[in-house]
Amino acid sequence: MTIQLPELPYTPAALEPHMSARTLEFHHGKRHKAYVDNTNAAIAGTALEQSELDAIVRAAKERGDARLFNNAAQAWNHEFFWNSLAPGGGAPEGMSATMIDRDFGGIEGFKTAFRSEATGHFASGWAWLVLRGDKLAVTSYHDADSPLIHDGVVPLLTCDVWEHAYYLDYQNARARFVDAFLDHLLNWEWVGANLRKALVAGDRA
């Protein structure tokens, strides 16, 4: 099999005015596609050609294959990012709301922590809401690094803080982009689904 560029879960204009169709055209249609194409080129004719993307990311890291890891992990991170966005955003519900209240003191406490991590992250990378053990935490990773390869860390939500994610709409104003993400685009249904899956898996362990 080959890795496919996933369709966006919304139309390219659905996130406007907070993220433009033009940004999605370049970010998804060109940047993400390049990572997918590069991954497929790197695994062609190897045993990994039949593997799922998450397995390719882990194998590349274990082998120390930086080129494959950078492309495969970026492909995986971007797919997670598109699902972290939703037109109109929303609000945490159920267990997500309960744990946000417990671990951050409420939604504003979460936003403050996430904003600080995302805007304070030096250079390229990703800001994440993750589950560590039985608690929510905000963290960030540089370049293509991903919670997928870190033991005991379950990704729930991510924001791409590479400059290409926001430059067309916000130029170098990363803080404005992060605020738009938190206030208008954050897909709490995606967070809830990932959290429920993680908690069920933990119960079965």
Inside the stretch 1-57, the number of residues satisfying the requirement of being of a type in the set (Lys, Arg) and either touching a Cys at 6+ places or on another chain (Cβ under 6 Å) or farther than 21 Å from Val178 by Cβ (or both) is 2
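Scanning the stretch 1-46 for residues that are acidic (Asp, Glu) and assigned to a helix (DSSP H, G or I), which turns out nearest to Gln74 (Cα to Cα)? Don't jump to the end; show me each part of the working.
Filtering the stretch 1-46 for residues acidic (Asp, Glu) gives 7, 16, 25, 37.
Checking which are assigned to a helix (DSSP H, G or I) leaves us with 25, 37.
Details: Glu25: 17, Asp37: 12 Å.
Here the residue is Asp37.
Residues checked against (1) charged (D, E, K, R); (2) within 18 Å of Gln74 (Cα to Cα); (3) touching a His at 6+ places or on another chain (Cβ under 7 Å); (4) modelled with pLDDT of 95 or more:
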{"site": "Arg115", "(1), (2), (3), (4)": "yes, no, no, yes"}
{"site": "Ala118", "(1), (2), (3), (4)": "no, yes, no, yes"}
{"site": "His121", "(1), (2), (3), (4)": "no, yes, no, yes"}
{"site": "Trp126", "(1), (2), (3), (4)": "no, yes, no, yes"}
{"site": "Leu131", "(1), (2), (3), (4)": "no, no, no, yes"}
{"site": "Leu136", "(1), (2), (3), (4)": "no, no, no, yes"}
{"site": "Tyr141", "(1), (2), (3), (4)": "no, yes, no, yes"}
{"site": "Ser146", "(1), (2), (3), (4)": "no, yes, no, yes"}
{"site": "Val153", "(1), (2), (3), (4)": "no, yes, no, yes"}
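Looking for something of a type outside the set (Ser, Thr, Tyr), assigned to a strand (DSSP E or B), touching a helix residue (DSSP H, G or I) at 6+ places or on another chain (Cβ under 6 Å) and within 15 Å of His121 (Cβ to Cβ) - is there at least one such residue anywhere in the stretch 166-181? Let's see the steps before the verdict.
In the first step, residues of the stretch 166-181 are kept if they are of a type outside the set (Ser, Thr, Tyr); the result is 168-169, 171-181.
Pick out the ones that are also assigned to a strand (DSSP E or B) and you get none.
Looking through the stretch 166-181, none of the residues is of a type outside the set (Ser, Thr, Tyr), assigned to a strand (DSSP E or B), touching a helix residue (DSSP H, G or I) at 6+ places or on another chain (Cβ under 6 Å) and within 15 Å of His121 (Cβ to Cβ).
Within the stretch 34-58, count every residue that is among the acidic types (Asp, Glu) and closer than 21 Å to His150 by Cα. Working first, answer last.
Step one: of the stretch 34-58, the residues among the acidic types (Asp, Glu) are 37, 49, 52, 54.
Subset that is closer than 21 Å to His150 by Cα: 52, 54.
Of the residues in that region, 2 qualify.
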Just give me the residues in the stretch 34-51 being exposed (fewer than 15 other Cβ atoms within 10 Å of the Cβ) and within 19 Å of the chain's Cα centre (by Cα), in sequence order. Ala34
Could you please find all residues in the stretch 118-161 being of a type in the set (D, E, K, R) and part of a loop (DSSP other than H, G, I, E, B)? Asp134, Asp143, Asp145, Asp151
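The values are calculated or read from the model by the stated rules, or taken from the named source; none is laboratory data. Predicted model, so just to flag it, every value in this text is computed and none were measured. Note: ideal-geometry Cβ built from the backbone for every residue, glycine included; neighbour counts use all protein chains shown.
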